[in-house]
1. Confirm whether Tyr231 is open to solvent by less than 10 Å² (accessible area, probe 1.4 Å) and not hydrophobic (A, V, I, L, M, F, W, C).
2. From the set of residues in segment 203-213 that are at pLDDT below 95 and part of a loop (DSSP other than H, G, I, E, B), which is least open to solvent (accessible area, probe 1.4 Å)?
3. For Gly356, all conditions in the list (1) touching a residue at least 12 places away in the same chain (Cβ under 8 Å); (2) out of contact with any strand residue (DSSP E or B) (no Cβ under 9 Å at 6 or more places or on another chain) hold save one; what is the number of the exception?
4. Those residues that are closer than 15 Å to Glu93 by Cα, in a helix (DSSP H, G or I) and basic (Lys, Arg), I need them from segment 4-32; list them, please.
5. Does Tyr246 meet the test of being open to solvent by 50 Å² or more (accessible area, probe 1.4 Å), within 30 Å of the chain's Cα centre (by Cα) and under 26 Å from Lys200 (Cβ atoms)?
6. Could you tell me whether any residue of segment 182-192 is part of a loop (DSSP other than H, G, I, E, B) and in contact with a helix residue (DSSP H, G or I) (Cβ under 9 Å, 6 or more places away or on another chain)?
7. Residue by residue through segment 20-48, note down the ones that are open to solvent by less than 60 Å² (accessible area, probe 1.4 Å) and out of contact with any Leu (no Cβ under 6 Å at 6 or more places or on another chain).
8. What pairs can you find where one residue is in segment 15-38 and farther than 14 Å from Thr63 by Cα, the other is open to solvent by less than 60 Å² (accessible area, probe 1.4 Å) and part of a helix (DSSP H, G or I), and their Cβ atoms are less than 7 Å apart, with a gap of 6+ or different chains?
Amino acid sequence: MFKTIKYSDQYLAKTLFKRTLLFILVLVTVCSGFWYWNIFQAMMKGQYSWWYLSPIVSSIALTALSGWVIFGVYKNYAPKHTDIFSRYLKRIELRQMISLLVVSKGFFDTETAENNTYLTYYPKLKIKVKHNTGQLLIEEPIDGEKYMAQFASGDFDQSVETALLADRQTTEFLKNKMISTFAFEPIKFRRQLLALQPQKGRLQIAKGIDWKYDTFYNALISGNVGTGKSYTIFAILGQLLQITKYVDVIDPKRSDLASLKYIDSLKSRVHSTPTEINQAVIKYYQNMMVRAEKMEKIKATGKIGTYKDYHFEPCFLVFDEFGAYREMNDRLTFSDPAYEAYQTAMSNLNEIAMLGRELGFYLIIGMQRPSADSLPMAIRGQLNLRINMGVPTPEIEKMVFPDNDKQLRPLSSQLKGWGFIKVGDSQVRAFFAPEVPKEFNLHQWLIEQIAMRKKRIS
């Protein structure tokens, strides 16, 4: 349930700490009551000794020791554990932090009378912590009060992201309020590669993040070496092979994806040499235009719809290291016979990006450093799924997430495979790509995915 945030919550941890110490002091004093009674009787008889101070000293010492232990638990134990006590301490910290943010932003009113200051308005904020999923829900007032605009515009949410190192996932507007959901532990949304379960029209990326490729068509996956870009492409490729056999793979650097040509079922669909790549793109485009003609004949009868309505299969062109492909071919001279094929292939790619959605022909582009020179505007404008593994540089962030208004921070200094994702018009979200198990064999896994598709068809 939601817990109301109060003005006094900004001192919540300190207040509870003091109350706990007071309780311990009273408890120790009560437990030493018999000792105190003996001392009192001795003093009534006129007997005095420094030893009579020992119960007072021991009570204070035990209280101080308890305070030191509690402080250590709060700082060191709670962040690393998930039991009931540590969750309670985390909730205390979150409530205090939210209250401090409200005060620091000045979203409250006071009134001074007779040298006393009174609180006249404090926003009706509520929070709910979902420890199992690592989410924090904040209910913010949209009630016509003085600071409503600051809450509705996301000003307060941005402060929450910064202060809690959290990632805002969604914002839902309801009557007189809005509920923003934050992930303060994005690792809990990570999926396992071997447990991915795609459906037609939907691929799994992370818990709560799916790629509906019919709606948010075409994808860009960027990231430097070692950030997990290739493994993210593997996760998507494996799911594609479960739902369709029409998947072409291009790898101009002849790396991991190029080795897939040694899988019998993919032998004719993996391309790595310049000539193979240009021919593959041109053929992919030609197949798209053949389907366009078929659909045009169907629509001539008065039927309307997309390729799914006419029972056509989706087709995907997975084009890794697209930037390297551009660099290799931009060095060609006009007299080189391969130059014309390259120009035709690039022209075809632009048309595929613009026309492919309705026809069921999609592009998935992987590259290290997308730029205006390496990624044509005609393609860039049609990329509705955008992923960058690792923290992008300001230049890459502007290219991949041009409308982003949040600060992108590292998610982990120890784990790999994290990055940021934007699906359609949604906000940029932090995520961990599906986790690849140890001793993972790419070829064997893809063969299993293909077998699952064949089994489903039969």
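1. no
2. Within segment 203-213, the match that is least open to solvent (accessible area, probe 1.4 Å) is Gly208.
3. (2)
4. Lys14
5. Spelling it out, Tyr246 is indeed open to solvent by 50 Å² or more (accessible area, probe 1.4 Å), within 30 Å of the chain's Cα centre (by Cα) and under 26 Å from Lys200 (Cβ atoms).
6. Yes, segment 182-192 has at least one match.
7. Within segment 20-48, Thr20, Leu21, Ile24, Thr29, Ser32, Gly33, Ile39, Ala42, Gly46 qualify.
8. Leu16/Ile92; Trp35/Pro55; Tyr36/Pro55
The values are calculated or read from the model by the stated rules, or taken from the named source; none is laboratory data. Predicted model only: the values in this text are computed from it and were never measured. Cβ: placed from backbone, ideal geometry, glycine included. Neighbour counts: every protein chain shown. Accessible surface areas use protein heavy atoms only, side chains included; no ligands, DNA or RNA. Shrake-Rupley method; radii C 1.70, N 1.55, O 1.52, S 1.80 Å.
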